[in-house]
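Peer 1: Sharing a structure below in structure tokens format, with a few things to ask.
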Amino acid sequence: MSKALGALVFVAGVAGLGYWGAKSHAVTVENKITAGAEAAIADTVHPMDVNVAGRDITLSGIADTQAEFDAIVATLDGLPGRRVLNAEAVEVLPVIDPFETAIAKGSDETTSWTGYAPSAVLVATVPGTEGLPLGHGAPEGWADAMNTGSAALAPLDEGSFSLTGDVLTLSGIAATPTEEEAARTALGDVPGFEEVVAIDITDPGIIDFTLTYAADAGYGLTGVLPG
């Protein structure tokens, strides 16, 4: 009886040690895979998430380009011990060429934004772009250019500003030469961009009109009249 009990205890002990060893090894492998996976997404342009369950990896978030996505997947796929890799939840941004973002200002002072933004990080620095879809291909200095364009629109009664590739275009209507000059000064010279400016002035401050008379129509005035 005692020999049978001893054998049972021995078998149970060996089984317990085996289970503990397997469990400990599984945790070690999971931790190593997690560390490698987190390192793979440490320098991505946009925030990405990686979840490791046992030896299975799930990747989600936004990849800036197909090349970035492919490189991350290749790294995760090569991690020792990795079993299943699921990257179906990753969105790869479309390539926008030429990259365009535009602002339109109405006569009622409201503004609307169209086009694309390069990243959520930069969107946070440019008020008004929160609802724009993300795309890849924005020129360096995008945020500064868009903030400058928004400031240049402020003195105008109405108008538009656009960034298309490396060209900045400002157009609109200014009440007087003072507002026109304020808009041009606000735009200034943005490094790395070509600028196109076309601003009409409602009241140029110069009285220049023509008085005409016709027997069948009477008198008529054309040109810029005093207020």
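The values are calculated or read from the model by the stated rules, or taken from the named source; none is laboratory data. Keep in mind that what you see is a predicted model, and the values were worked out from it rather than measured. Note that each Cβ is placed from the backbone with ideal geometry, even for glycine, and that neighbours are counted across all protein chains shown. Surface accessibility is based on the protein's heavy atoms, side chains included, excluding ligands, DNA and RNA. Shrake-Rupley method; radii C 1.70, N 1.55, O 1.52, S 1.80 Å.
Peer 1: Restricting to segment 138-165, what's the tally of residues that are open to solvent by 40 Å² or more (accessible area, probe 1.4 Å) and touching a residue at least 24 places away in the same chain (Cβ under 8 Å)?
Peer 2: Total satisfying the criteria: 9.
Peer 1: When the residues of segment 153-206 are filtered to those that are within 22 Å of the chain's Cα centre (by Cα) and of a type in the set (G, A, S), which remaining residue is modelled with the lowest pLDDT?
Peer 2: Result: G192.
Peer 1: Suppose we filter segment 196-217 for residues that are over 15 Å from E181 (Cβ atoms), of a type outside the set (S, T, N, Q) and in a strand (DSSP E or B); how many remain?
Peer 2: Result for segment 196-217: 6.
Peer 1: Related question: Considering only segment 189-214, state which residues are more than 19 Å from K105 (Cα to Cα) and open to solvent by less than 100 Å² (accessible area, probe 1.4 Å). Full working, then the answer.
Peer 2: The initial filter retains those residues of segment 189-214 that are more than 19 Å from K105 (Cα to Cα), namely 189-194, 203-214.
Selection gives V190, G192, F193, D203, P204, G205, F209, T210, T212, A214.
Peer 1: Another question, then. Hey, can you tell me all the residues within segment 26-47 that are within 24 Å of H136 (Cβ to Cβ) and either in a loop (DSSP other than H, G, I, E, B) or open to solvent by less than 40 Å² (accessible area, probe 1.4 Å) (or both)? Show your work before the answer.
Peer 2: Restricting attention to segment 26-47, the residues satisfying the condition of being within 24 Å of H136 (Cβ to Cβ) are 37-47.
Within segment 26-47, A37, A40, I41, A42, D43, T44, V45, H46, P47 meet the criteria.
Here is a yes/no grid of residues against (1) more than 12 Å from the chain's Cα centre (by Cα); (2) surrounded by 15 or more Cβ atoms within 10 Å (Cβ to Cβ):
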{"residue": "L76", "(1), (2)": "yes, yes"}
{"residue": "L79", "(1), (2)": "yes, yes"}
{"residue": "V84", "(1), (2)": "yes, no"}
{"residue": "E91", "(1), (2)": "yes, no"}
{"residue": "P94", "(1), (2)": "no, no"}
{"residue": "E109", "(1), (2)": "yes, no"}
{"residue": "T114", "(1), (2)": "yes, no"}
{"residue": "L122", "(1), (2)": "no, yes"}
{"residue": "L134", "(1), (2)": "no, yes"}
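Peer 1: Evaluate the following for T178: is it buried (at least 16 other Cβ atoms within 10 Å of the Cβ), over 20 Å from I62 (Cβ atoms) and polar (S, T, N, Q)? Working first, answer last.
Peer 2: Values: buried (at least 16 other Cβ atoms within 10 Å of the Cβ): no; over 20 Å from I62 (Cβ atoms): yes; polar (S, T, N, Q): yes.
Considered against the rule, which asks whether it is buried (at least 16 other Cβ atoms within 10 Å of the Cβ), over 20 Å from I62 (Cβ atoms) and polar (S, T, N, Q), T178 comes out as no.
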